[in-house]
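J.: What follows is a structure written as structure tokens; I'll ask about it next.
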Amino acid sequence: MAVNYVDLLVLGLAIASIGVLGFLVYFHNPQSATNRAFLGFSTLSSVWGVLNYISTQVESPELSIWMWRLVIFAAVWFCFGIYHLARIFPKEQPVYGRSYTLLVLPAVSFVSLLTLTPLVFEKLKSVPVQGTIPAIQNGPLIGLFGLAVIVLVSAAVYKFVHCLFHSTGNLRKQYGLIAAGTLVTFTLLITFNFILPTGFKILTFIPFGAVFILPFVACTGYAIARYRLFNTRVVITEIFSFVIVIATLLQLVLSSSTLELMLRGAVFILVLIFDILLIKRTVSEVQSRELIEKQEKELEVTNSRLRELDKQKTEFLSYASHQLRTPLTAIKWSAAAILDKTYGDVPKNLSEPLRTIYSESALMAVFINDYLNVTRIEQGKMEYRFVPVNLCSVLVEAEKELRGSIEGKGLSLNVQCDEDRVMVWADPDKLTQVFTNLIDNAVKYTPKGTITLALKKDTRESRVLVEIADTGIGMDEATRQKIFSKFIRGENAIALNSAGSGLGLFIVKTFVEAHKGTVRIESSGLGKGSRFIIELPLLVQLGTK
Ligand code: ADP
């Protein structure tokens, strides 16, 4: 049997391309009913293309009639493949109506089985000649076969064209592509498989059915999977695979013996499988990268929205605190002035409520100050005025300010400070706030016992350590871990003193760190007291002296 190598090469490439396209689209999204329908359709096209070609090469009359029956058997399913694809596209989930399962499927199966009997192709009228179609005596049911083909293909074309005119946007573009592919394929099939053979007796192009189907498969494949198959990395892989396929195909068609043909055929199939897997892998890698990129973008959008909301919240808090501060100060000082008898004697029954007004507005002023500090920190607007500062004086000031409340609560104070001059580079107001806050906490959270203030200079390390320790309620390990974050309050603290913003330690830490220092807390546990240790660099270390 003499083989026309060019024909075989062209046909082999067309069939391989149809097969590869089918798998590519399928791997692109194996769950999609459309992609599965496309794989089914492209496989049927390839099978039909192969059978069609082989039938034109067979010279034995017995085998030839059977091969042609197989061709029309495959043709029925091929037409069904187009019909099914047209029904499903572009759905992800399959929809099988009753007419489909009760009428179309049984009818197609019945007609396809008929094609294998002499009722459709009865017998050969002429001896088969290689490369052409022999004359065939049609059976009585040939019309049924023709009807099935026409109905299935017309239904598919109608669906595509109808949807093309009734869809919009991307879907319309997809239908446009499919319609273009259909048009090219039909023009080719009608020209080469109908007009030329019947009008001009040119039968040379009959074996190339698969080549004519390729435009439809390519356009539909692209319409389904779109851009993904055409990503640069995937395209490079596809070109690489294509070159290997052509090389192995060339080897195959140039085989000089049947054994060689079989061996090279096996190699060709293996290469084809390898290529499909390679492209599948590349597509899925590209997909996961795209997914990650998409998620990153979404995350970025969410983050920037959150940042914006956070900013708005901070601005609102800052504005509200500013607005509240002035009237509150007025309330506080007015209450203080009345209690100090600036406006004359205070009736006995009013002094208690007035004291409440004073203490509550004072507490509120502290909260508002905390909020203002936090908003300034978060907006990056906190200003520091650094100057050389004697830490001992700051500590003494803070201690003086709180001595009243320490004694008022019956606590004893133990101050351990051997030095009277420890210079640091600091903002005195901020340092005062740090110590006041810590001593105030020690008083608040110590029902009885002692508060110790200690200052230790470590000249070797050029650092100074300030400790504020108490014998109060202490804290558990879990609370200790997160105590310097905003709005964190220990349960024991809430039980003892319900009023508290939970912002003081956050501000303390921020201020200390702005001074290039550190703050930490030690506590042996609940009820076992707490010890706050602040370390600051001595002025000498900073080289500013
Ligand atoms: P607030 O005192 O307003 O609650 P802070 O930020 O100053 O806010 O303190 C946060 C929490 O840290 C307190 O609620 C308390 O649980 C704990 N805490 C702070 N200082 C002490 C201390 N000296 N002893 C025990 N717990 C403390």
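The values are calculated or read from the model by the stated rules, or taken from the named source; none is laboratory data. If you're wondering where the values come from, they're calculated on a predicted model, not measured in any experiment. FYI the Cβ positions are ideal-geometry reconstructions off the backbone, even for glycines, and counts take in every protein chain you see. To get the accessible areas, we keep the full protein, side chains included, count just its heavy atoms, and leave off ligands, DNA and RNA. Shrake-Rupley method; radii C 1.70, N 1.55, O 1.52, S 1.80 Å.
J.: For the subset of the range 499-545 comprising residues that are over 18 Å from Gln481 (Cα atoms), small (Gly, Ala, Ser) and modelled with pLDDT of 95 or more, which member is surrounded by the fewest Cβ atoms within 10 Å (Cβ to Cβ)?
T.: Within the range 499-545, the match that is surrounded by the fewest Cβ atoms within 10 Å (Cβ to Cβ) is Ala514.
J.: Select from the range 107-137 the residues that are touching a strand residue (DSSP E or B) at 6+ places or on another chain (Cβ under 6 Å) and open to solvent by 40 Å² or more (accessible area, probe 1.4 Å) and list them in ascending order.
T.: Matches in the range 107-137: Glu122, Lys123, Lys125, Gln137.
J.: Any idea how many residues of the range 425-451 are over 50 Å from the mean Cα position of the chain (by Cα) and not charged (D, E, K, R)?
T.: Of the residues in the range 425-451, 6 are over 50 Å from the mean Cα position of the chain (by Cα) and not charged (D, E, K, R).
J.: Given (1) within 15 Å of the ligand (Cβ to nearest atom); (2) farther than 20 Å from Phe506 by Cα; (3) touching a residue at least 40 places away in the same chain (Cβ under 8 Å), identify the lone condition not met by Val443.
T.: (2)
J.: Return the only residue of Thr471, Thr510 being more than 8 Å from the ligand (Cβ to nearest atom) and within 22 Å of Phe386 (Cβ to Cβ). Before you say what the answer is, go through the steps one by one.
T.: Details: Thr471 fails: within 22 Å of Phe386 (Cβ to Cβ).
On inspection, the qualifying residue turns out to be Thr510.
J.: Then there's this: Within the bounds of the range 139-160, is there any residue that is out of contact with any strand residue (DSSP E or B) (no Cβ under 8 Å at 6 or more places or on another chain), open to solvent by 50 Å² or more (accessible area, probe 1.4 Å), more than 30 Å from Ala179 (Cβ to Cβ) and part of a helix (DSSP H, G or I)?
T.: no
J.: For residues in the range 403-429 being within 19 Å of Ile507 (Cα to Cα) and open to solvent by 20 Å² or more (accessible area, probe 1.4 Å), which is farthest from the ligand (Cβ to nearest atom)?
T.: Checking each candidate, the answer is Trp425.
J.: Further question: Enumerate the pairs (first residue in the range 475-499 and in contact (Cβ under 8 Å) with a residue 60 or more places away in the chain; second residue anywhere and near the ligand (Cβ under 9 Å from one of its atoms) and assigned to a helix (DSSP H, G or I)) with beta-carbon separation below 8 Å, excluding pairs fewer than 6 apart on the same chain, so at least 6 apart or on different chains.
T.: Lys486/Phe506
J.: Still on this structure: Looking at Leu183, is it closer than 27 Å to Leu171 by Cβ and of a type in the set (A, V, I, L, M, F, W, C)?
T.: On the way: closer than 27 Å to Leu171 by Cβ: yes; of a type in the set (A, V, I, L, M, F, W, C): yes.
So Leu183 fits the description; yes.
J.: Right, next: Answer yes if at least one residue in the range 375-385 is without any contact (Cβ under 8 Å) to a residue 40 or more places away in the chain and crowded, with 17+ Cβ neighbours inside 10 Å, and no otherwise.
T.: No, every residue in the range 375-385 fails to be without any contact (Cβ under 8 Å) to a residue 40 or more places away in the chain and crowded, with 17+ Cβ neighbours inside 10 Å.
J.: What are the pairs with Cβ atoms under 6 angstrom where one residue, in the range 405-430, is under 16 Å from Gly517 (Cα atoms) and the other, located anywhere, is among the basic types (Lys, Arg) and open to solvent by 40 Å² or more (accessible area, probe 1.4 Å)? Sequence gap at least six, or different chains.
T.: Note: pairs meeting the criteria are Val422/Lys457; Asp427/Arg385.
J.: Of these, Gly181, Gly176, Gly209, which one is closer than 30 Å to Val129 by Cα, assigned to a helix (DSSP H, G or I) and not polar (S, T, N, Q)?
T.: On inspection, the qualifying residue turns out to be Gly209.
J.: Taking Lys457 and the conditions (1) within 16 Å of the ligand (Cβ to nearest atom); (2) open to solvent by 10 Å² or more (accessible area, probe 1.4 Å); (3) touching a residue at least 40 places away in the same chain (Cβ under 8 Å), which numbered condition does it fall short on, given that it satisfies the others?
T.: (1)
J.: Could you pull out every one of the strands (runs of 3 or more DSSP E) wholly within the range 372-438 that has 2 or more residues that are farther than 30 Å from Ala320 by Cα, at pLDDT below 90 and in contact with a strand residue (DSSP E or B) (Cβ under 6 Å, 6 or more places away or on another chain)? Steps first, please.
T.: On the way: elements: 387-390, 412-417, 423-426.
Fully inside the range 372-438 and qualifying: 412-417.
J.: Within the range 487-507, track down each residue that is hydrophobic (A, V, I, L, M, F, W, C) and either within 29 Å of Glu383 (Cβ to Cβ) or within 8 Å of the ligand (Cβ to nearest atom) (or both).
T.: The answer is Phe487, Ile488, Ala493, Ile494, Ala499, Leu503, Leu505, Phe506, Ile507.
J.: Tell me which residues, restricted to the range 322-371, are in a loop (DSSP other than H, G, I, E, B), of a type in the set (Val, Ile, Thr) and exposed (fewer than 12 other Cβ atoms within 10 Å of the Cβ).
T.: First pass over the range 322-371, keeping only residues in a loop (DSSP other than H, G, I, E, B): 340-347.
Imposing the further condition that a residue be of a type in the set (Val, Ile, Thr) reduces the set to 342, 346.
Passing the criteria: only Thr342.
J.: Out of all the residues in the range 17-51, which are in contact (Cβ under 8 Å) with a residue 40 or more places away in the chain, over 16 Å from Lys280 (Cα atoms) and either among the hydroxyl-bearing types (Ser, Thr, Tyr) or open to solvent by 20 Å² or more (accessible area, probe 1.4 Å) (or both)?
T.: Thr34, Gly40, Ser42, Ser45, Ser46, Trp48, Val50 - these are the residues of the range 17-51 that are in contact (Cβ under 8 Å) with a residue 40 or more places away in the chain, over 16 Å from Lys280 (Cα atoms) and either among the hydroxyl-bearing types (Ser, Thr, Tyr) or open to solvent by 20 Å² or more (accessible area, probe 1.4 Å) (or both).
J.: Among the listed residues Tyr83, Tyr100, which satisfies the condition of being over 21 Å from Val245 (Cα atoms) and buried (at least 20 other Cβ atoms within 10 Å of the Cβ)?
T.: Tyr83 is the lone residue from the list that is over 21 Å from Val245 (Cα atoms) and buried (at least 20 other Cβ atoms within 10 Å of the Cβ).
J.: Quick test of your reading of the structure: Lys448 fulfils all but one of (1) modelled with pLDDT of 90 or more; (2) basic (Lys, Arg); (3) away from the ligand (no atom under 16 Å from the Cβ); (4) open to solvent by 60 Å² or more (accessible area, probe 1.4 Å). Name the failing condition by number.
T.: (3)
J.: What number goes with the only condition from (1) in contact with a Leu (Cβ under 8 Å, 6 or more places away or on another chain); (2) closer than 25 Å to Pro90 by Cβ that Val151 does not pass?
T.: (1)
J.: Please tell me if Arg281 is in a helix (DSSP H, G or I) and either among the hydrophobic types (A, V, I, L, M, F, W, C) or modelled with pLDDT of 90 or more (or both).
T.: Spelling it out, it is not the case that Arg281 is in a helix (DSSP H, G or I) and either among the hydrophobic types (A, V, I, L, M, F, W, C) or modelled with pLDDT of 90 or more (or both).
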